[in-house]
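Beneath this line is the structure, given in C-alpha cells, with notes to follow.
All of the numbers you see were taken from the coordinates with simple rules; none came from a lab. Worth saying up front: this structure is predicted, and the values here are computed from it rather than measured. Quick reminder, even Gly has a Cβ in these numbers, built from the backbone with ideal geometry, and neighbours come from all protein chains shown.
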Amino acid sequence: MKPKVLVTREVFDEALEILGRHFEVTANQSDRPFPPDELARQLADKAGALTTLTDRIDATLLERCSRLKAVCNIAVGFNNIDLAACSALGVMATNTPGVLDDSTADFTWALILAAARRVTEAEAALRAGEWKGWKLKQFLGQDVHHATLGIVGMGRIGQAVARRARGFDMKVVYHNTRRLDAGIEQACGAAYAGLDELLERADIVTLHVPYSPTTHHLIGAKQLARMKPTALLVNAARGGVVDDGALLAALREGRLAGAGLDVFENEPALDPGFLALKNVVLTPHIASSTEATRRKMALMAAENLIAALTAQRPPNLLNP
Ligand code: DGY
C-alpha cells in the first residue's frame, strides 16, 4: 500500500503527478487554507504533507497527527513550522531554498522602482481620468541611480538584490548577522555596516531576513526614526519583520517618504491605513510568483517529500 500524503493547497499538475507515483495523494483543490482543526483532521492518517506558509504546523497540530513523518513547505521561509516541535515528534521539515532567489530579487526591484518613481500612484490617477496632460512638476519621484541602497539580510536573496544594484550605479551597504567574506562583498559591490548606520545612510532600505523571534519587529519606531525622511522602505521578506503600526505612523507623519510592501504583519488582513496612503506600493505576497519559479518550488517540495518517505535524506532538510 502506498503511504498517504496531503497537499494542503492547489499546486501544479506535475507535482501531483510525481507524488502520485509514490503516494496516495489527497489534494485540497479548493485552494483555501484548511482551518487548523480541519488540517489536523486531514493529516491524522497521513505520512507526509506538502504545506505552504498559510498552514500553521505547531505542536498542537503535530500531537494530533501521530503518523506524520514529513512536512515539506513550498517556500523558502518556514516560520509557519515549529521546527523544535517537529524534531521532538520525529517529523522531518523541509523548505525550497535557492530556486526563488532571482525572481524575488527581480520583484524587489519592481517595488523599489515603483515606490521611488510613484508608478502605482500615477497609474491610479491616469485610470481615474485625472491626467489632463504633461506637466513639469507632475509625480516628481526620486532617483534610484546613484542612490544608496541598504540591504538588511544578505543571504542569497539579499545578494541577488545587491548584484542588480550595479546597473543603477548605486552605493550598496548591507547588514547581516554575520559579515560576508571579502570576495562575496566584492562580487556584490556591497560594504558592511551596523544596522543603525545602514538605516541612517540609505536612501532605500530593503529587507531580506527570515522571520523569527529575533527578527520580529526588527524595524520598529526606533529604527524608522533613524531613517532619512526622504528614504523608502521595501519589504518582500515577512510582514512581522516590520512593526506595521510604527511604519504607518512614520509614513503618515512624513517621517518616511514611502514604502514598497509585498508582505504584511497579519496578512492577508491589511491595516486599512495602508490603503489610504498614496506613497505606498502594495502587492499581495507575490515576490516569488513567476510561472517558472512557483513551479520549481512545488516540484522541489515534492522531491523533498518523496525522499523523506522513501528512506532518503531530503535535500532541503531543516531539522537534521
Ligand atoms: C517564501 O518562499 O518564503 C515566499 O515568501 C513564498 O512566496
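Placing pseudo-labels 7 Å out from each Cα toward the beta carbon at GLU200 and LYS135 gives an inter-label distance of 3.8 nm. Under the combined filter of DSSP loop state and at most 14 neighbouring Cβ atoms within 10 Å, segment 82-184 retains these trypsin sites (Lys or Arg not before Pro): LYS132, LYS135, LYS137, ARG178, ARG179.
Cβ-to-Cβ counts within 10 Å put GLU303, GLU197 in ascending order as GLU197, GLU303, the fewest first.
Checking the cross-link pairs LYS228/LYS296; LYS137/LYS171; LYS222/LYS278; LYS228/LYS278; LYS135/LYS278 against a 29 Å limit on the alpha carbon distance flags LYS228/LYS296 as lying beyond it.
Note on segment 280-320: Rg/Rh from Cα positions, Kirkwood definition for Rh, rounded to two decimals, is 1.19.
As a ratio to 2.2 N^0.38 Å, the alpha-carbon radius of gyration computed for the chain takes the value 1.08. If I fit a long axis through the Cα atoms of helix 101-116 and take the longest principal axis of the Cα atoms of the chain, what angle between them do I get, 0 to 90°, rounded to 10? Once rounded, the angle reads 30 degrees. Charge dipole of segment 1-131 (Cα centre as origin; +1 on each Lys and Arg Cβ, -1 on each Asp and Glu Cβ, all else neutral): 400 debye, rounded to the nearest 20. Helix 291-309 and the longest principal axis of the C-alpha atoms of the chain enclose an angle of approximately 30°. What list of whole percents do you get for P(r) of segment 59-146, with Cα-Cα distances grouped in 10 Å bins up to the one holding the largest distance? Distribution as computed: 13, 26, 16, 16, 16, 10, 2 percent. Note on segment 213-265: Cα-Cα pairs beyond 18 Å make up 19% of the total pair count. For the chain, a simple Cβ point-charge model (Lys and Arg +1, Asp and Glu -1, everything else neutral) yields a dipole of about 380 debye relative to the Cα centre.
Based on a Kirkwood Rh over C-alpha pairs, give the Stokes-Einstein translational diffusion coefficient of segment 101-282 at 37 °C and viscosity 0.692 mPa s in µm²/s. Value of D from the Cα-based Kirkwood radius: 198 µm²/s. In segment 1-150, one over the average inverse separation of all distinct C-alpha pairs is 18.7 Å, which is the Kirkwood hydrodynamic radius. Computed with the Debye formula from one identical point scatterer per Cα of segment 147-249, without solvent, the log10 of I(q)/I(0) at q = 0.24 Å⁻¹ comes to -1.37. Partners of LYS132 within straight-line reach, counting aspartates and glutamates whose Cα lies under 19 Å from its Cα and excluding those fewer than 8 residues away in the same chain: GLU121, GLU123. The alpha-carbon of LYS4 sits under 15 angstrom from the alpha-carbons of these aspartates and glutamates, leaving out residues fewer than 8 places away in its chain: GLU17, GLU24, ASP45. Structural size metrics of segment 1-73, computed from C-alpha coordinates, are Rg and Dmax of 11.3, 32 Å.
For ASP169 and ALA311, what is the calculated FRET efficiency with R₀ set at 51 Å and r taken between the beta-carbons, to the nearest 0.05?
So, using R0 = 51 Å, E works out to roughly 0.45.
When the alpha carbon coordinates of segment 236-292 are projected onto the principal axes, the ranges are 40, 19, 17 Å, largest first.
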